[in-house]
Amino acid sequence: MNSIRIQTHDFNLAEEYQLLRELSPAVGAVVTFTGLVRDFELDSSIDSLTLQHYPGMTEKLLQEIVDQANQRWDLIAITLIHRVGELLPRDQIVFVGVASQHRVAAFEAAQFLMDYLKTKATFWKQVSQDGKQHWVESKDSDSTAAARWNTRGD
Amino acid sequence: MANRVVGYQRTTALIKLLFFGRLGDFAKQVPATIQASTPAEIRERLNADYPDLVKELCQPQVLVSVNQMIVSWEQPLAAGSEVAFLPPVTGG
């Protein structure tokens with residue numbers, strides 16, 4: 001019941017939610033997260049954002065992350081969408097949707113999926129600011145967020 | 001030099017190279033393939049012509065994959081392997 005997609009085109013939150021909602025009458029909770037392109041990076045505005053990834057490996061890593069979430073929580077379905085290519089401020093970048101019987105599993109799994117995706121999946125952001133391109137640096141706060149899932153005893 | 005060439009013929013294989021993120025900016029002139037027996041040897045062999053790239057590759061956060069699996073820098077390479085150099089990821 002899991003769907004992993006890497007795509008250049010946009011996604012529709014309502015459609016993705018509906019797909020998860022209609023999967024099974026056992027679905028009692030759907031948690032969704034959508035990541036957007038901010039209009040600033042390092043305190044200055046950006047013109048655009050380009051997302052590069054490692055085709056083949058990214059899909060494999062996302063599948064591993066989804067498998068881990070399914071092992072940790074009792075879930076009915078996961079949808080994971082990540083866009084690549086050139087995006088503009090306010091564009092949607094990433095979608096995580098989790099359907100489960102109960103809300104705690106869906107909330108926690110959605111957060112886990114995002115934390116792991118941000119620190120393990122092979123995507124790289126390049127921003128364009130005033131006509132100049134530079135690669136975005138990884139953030140320690142993202143590593144810290146992912147690391148807390150290692151200390152929960154499972 | 002002659003010994004080195006003999007050594008390469010005995011122990012090395014043709015490897016496909018990929019550089020992602022900011023590493024790609026330093027690797028624009030690097031050939032698509034190289035002969036080497038480990039990722040660490042690739043780094044050594046690139047050092048003469050691409051010292052700026054190799055300096056980046058030596059950063060501890062840079063990971064290396066072989067055929068899309070993260071491995072150690074000493075992983076033995078088979079002919080036709082795809083070796084990718086991965087700076088810290090920034091997706092999401």
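Only the coordinates and a few stated rules stand behind these numbers; no lab work does. Just so we're clear, the structure is a prediction, and the values are computed from it rather than from any experiment. When we count neighbours, we look across all protein chains shown, and the Cβ atoms used for this are built from the backbone with ideal geometry, even at glycine.
Points worth noting:
- Viscosity 1.306 mPa s, 10 °C: Kirkwood-radius Stokes-Einstein D of region A:3-139 over Cα pairs, µm²/s: 102
- Beta bridges from DSSP with both residues in chain B: antiparallel share about 75 percent, rounded to the nearest 5.
- On full extension, the segment bounded by A:ARG72 and A:THR151 gains 27.1 nm, given 0.36 nm per residue less the C-alpha separation.
- Of the trypsin sites (Lys or Arg not before Pro) in region A:124-154, those whose Cβ has at most 12 other Cβ within 10 Å and which sit in DSSP loop: A:ARG152
- Hydrodynamic analysis of region B:2-86 uses the Kirkwood radius over alpha carbon pairs. Inserted into Stokes-Einstein at 25 °C and 0.890 mPa s, it gives a translational diffusion coefficient of 190 µm²/s.
- Rg and Dmax, both from the Cα atoms of the protein assembly as shown and both in Å, are 20.5, 72.
- Point-to-point label distance, A:THR32-A:GLN133, nm (Cα→Cβ direction, 7 Å offset): 3.2
- Amide H contacts of B:ALA36 (H built 1.01 Å from N, in plane; Pro and chain starts excluded): B:ALA13, B:ILE15 sit under 5 Å, all sequence-distant by 5 or more or on other chains.
- For region B:49-59, 3J(HN,Hα) computed residue by residue from phi via the Karplus equation (6.51, -1.76, 1.60; θ = phi - 60°) reads 8, 9, x, 5, 5, 5, 4, 5, 5, 7, 4 Hz, glycine and proline entered as x.
- Amide H contacts under 5 Å for A:ASN2: A:ILE78, restricted to partners 5 or more places along the chain or on a different chain, H placed in the peptide plane at 1.01 Å from N.
- Separation in nanometres of the label points that stand 7 Å from Cα toward Cβ, at A:SER45 and B:ARG45: 4.9
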